[in-house]
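To start, the structure under review is shown below, and the notes come after it.
The values are calculated or read from the model by the stated rules, or taken from the named source; none is laboratory data. Keep in mind that what you see is a predicted model, and the values were worked out from it rather than measured. Reconstructed Cβ throughout: ideal geometry from the backbone, glycine too, with neighbour counts over all protein chains shown. The protein model used for the area step is the full one, side chains on, heavy atoms only, and it has no ligands, DNA or RNA in it. Shrake-Rupley method; radii C 1.70, N 1.55, O 1.52, S 1.80 Å.
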Amino acid sequence: MNMQAPRGTQDLLPGTTESWQYVERKLNDICHRFNYKEIRTPIFEHTELFQRGVGDTTDIVQREMYTFKDRGDRNLTLRPEGTASVVRAFVQNKLFGLPNQPTKVFYFGPMFRYERPQQGRMRQFVQFGVEALGSADPAIDAEVISLAMSCYQELGLRSLKLVINSLGDTESRENHRKALINHFEPHKDELCSDCQVRLDKNPLRILDCKKDRDHPAMQSAPSILDYLNEDSGQYFNKVRHYLDEMGINYIVDKNLVRGLDYYNHTAFEIMSDAEGFGAITTLSGGGRYNGLVEDLGGPETPGIGFALSVERLLMALEAEGINLPTEDVVDCYIIALGEESVTEAVRLTYKLRKAGLQVDKDYQDKKFKAQFKTADRLNTKYVIVLGENELEKNVVNVKDMHSGEQQEVGINELENYLLNELQGGK
RNA sequence: GCGAUCGUGGCGAAGGGGUUAACGCACCGGAUUGUGAUUCCGGCAUACGUGGGUUCAAUUCCCAUCGGUCGCCCCA
């Protein structure tokens, strides 16, 4: 029997889960301030949802999905991303009918993609994302981008690069697409094999090909920004204007193309500049997806969102040497000697815990000295010694591990004594 | 899907055809009765990823396989 976790998955153990909890709390707090509410959707969906939502030509759908049949012969897939599910839930639950549009939601949970694992890329990984459905106001594009940036900034990250672009509306994209085909067709033989395929299927993707980056035709390729029609151009300008007003720095990269089919208008990515961050630099990405809700059977509804990888967020924190303020201390540790004392210790431990204190005791039948050592290693604030002598007098010895001072306290007063001490100590 | 590299005890790590397979960390016990550090002494372990092959002999050489890590592709 193979007792290892499947390839590309990992256990998060005590010692690191504290960081995850801290980050999750921070992201929750940010969403609260931006007034985004949490949505929780299933971890698997009908395969068709992703085929239609993410796009049949994408790498995700073509080679990365965890797809299986259940006992009822249904075709299901572990979700490779969050947007399709959120949109499905939006349509199915008719959230578009609720007052107070747009619908602003966030999610946090595991996603699955069948890939070769490496630094910053797991088969199961955790994404946090937000979606705003029902508004075509460029101000909400700016809001989503500012929320995304806040997630990193408020955790202390500095080496960030925000890249934005506009893919335009359908008309702009179509005109640009034709221009791209005209431009690259004469050079088709000189392009890499991938790009030769892209030329037919999705010429936009040629622009972010790394192999053909230095090809002269690449430099002179028609920019989407030159093909934006008036509406699209104005939309993009407004998004930029709002970002400027918020004091958010960005770089416009006309070659920024997102990998999923559903994007249009605003597209953006946040990357890390940090030294030693590894080969993968994209921390998060997002964009506008007007038309997706309709594609999935809902009413015409504009939408925009983004998603970030929590693993990569934590990597970025490490790369910048940022330690999250996680606490690892114990309020008190009870040391008992002798059978009767142990019984009393069991009772006391429970009583103090119910009073709100973080309490632990020995369960390894350790010697007195070893118990003290354990208490020390747990960063215990107060050690309570309870032996035959103390039990007889109905007291305990409370030792302040920081100062080293020791005091005799009546067992019945212990709870109040500790609560007092700990309150004063903080 | 392609490529590189690595698999020795709980962890780190040396070795290199025949060894009791070092060493360090961790852990446990002790150094006068019930007080945390350091030091000293002692203890500890089904450890050479798995399966074949070569050999009198393989942890060491060869092949395969599995797994880890990193990179390409692509992405978060």
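A few comments on the model shown:
- Residue that is nearest to RNA strand B (Cβ to nearest atom), among those in the range A:356-394 that are of a type outside the set (Asp, Glu) and touching a Gly at 6+ places or on another chain (Cβ under 8 Å): A:GLY387
- Figure legend. Inter-residue proximity from the range A:1-28: first residues within 17 Å of A:ARG312 (Cα to Cα), second residues hydroxyl-bearing (Ser, Thr, Tyr) and away from RNA strand B (no atom under 14 Å from the Cβ), beta-carbon distance below 6 Å, spacing 6+ or different chains. Indicated pairs: A:GLU18/A:THR326; A:TYR22/A:THR326.
- The lone exception for A:SER220 - which of (1) over 31 Å from the mean Cα position of the chain (by Cα); (2) over 22 Å from A:ASN264 (Cβ atoms); (3) free of Cβ contacts under 8 Å to residues at least 12 places away in the same chain it fails: (3)
- Flag if A:ASP214 is near RNA strand B (Cβ under 10 Å from one of its atoms) and either part of a helix (DSSP H, G or I) or farther than 29 Å from A:GLN10 by Cβ (or both): no
- The one condition in (1) open to solvent by 30 Å² or more (accessible area, probe 1.4 Å); (2) near RNA strand B (Cβ under 8 Å from one of its atoms); (3) touching a Gly at 6+ places or on another chain (Cβ under 8 Å); (4) under 30 Å from A:GLU18 (Cβ atoms) that A:ARG258 fails to fulfil: (4)
- All conditions in (1) of a type in the set (Ser, Thr, Tyr); (2) within 15 Å of RNA strand B (Cβ to nearest atom); (3) open to solvent by 30 Å² or more (accessible area, probe 1.4 Å) hold for A:SER341, with the sole exception of (3).
- Selection within the range A:344-380 - in contact with a Ser or Thr (Cβ under 6 Å, 6 or more places away or on another chain) and surrounded by fewer than 19 Cβ atoms within 10 Å (Cβ to Cβ): none
- Residue count for the range A:156-186 satisfying the condition of being out of contact with any strand residue (DSSP E or B) (no Cβ under 7 Å at 6 or more places or on another chain) and open to solvent by less than 10 Å² (accessible area, probe 1.4 Å): 5.
- Some residue of the range A:168-176 being in a helix (DSSP H, G or I) and more than 30 Å from A:ALA148 (Cα to Cα): yes
- Top-ranked residue of the range A:202-245 - restricted to ones that are closer than 18 Å to A:ILE145 by Cα and of a type in the set (Asp, Glu), ranked as most open to solvent (accessible area, probe 1.4 Å): A:GLU245
- Across the range A:187-201, the qualifying residues are those that are within 10 Å of RNA strand B (Cβ to nearest atom) and closer than 22 Å to A:GLU174 by Cα, and the one among them that is most open to solvent (accessible area, probe 1.4 Å) is A:ASP194.
- Considering A:GLY72, A:GLY53, A:GLY82, the condition of being out of contact with any strand residue (DSSP E or B) (no Cβ under 6 Å at 6 or more places or on another chain) and either within 16 Å of RNA strand B (Cβ to nearest atom) or among the β-branched types (Val, Ile, Thr) (or both) is satisfied by A:GLY53 alone.
- Hey, A:PRO325 over 30 Å from A:ASN412 (Cα atoms), under 20 Å from the mean Cα position of the chain (by Cα), more than 16 Å from RNA strand B (Cβ to nearest atom) and not assigned by TED's automatic domain parsing to the domain that holds A:VAL383 or not: yes
- Put simply, of A:SER220, A:SER172, A:SER193 the only residue that is of a type in the set (Ser, Thr, Tyr) and within 23 Å of A:LEU292 (Cα to Cα) is A:SER172.
- Here A:THR282 clears all of (1) open to solvent by 20 Å² or more (accessible area, probe 1.4 Å); (2) more than 18 Å from the chain's Cα centre (by Cα); (3) assigned by TED's automatic domain parsing to the domain that holds A:ASP56; (4) β-branched (Val, Ile, Thr) except the condition numbered (2).
- Every listed requirement among (1) more than 7 Å from RNA strand B (Cβ to nearest atom); (2) surrounded by fewer than 19 Cβ atoms within 10 Å (Cβ to Cβ); (3) at pLDDT 90 or above is met by A:ASN397 save one, (1).
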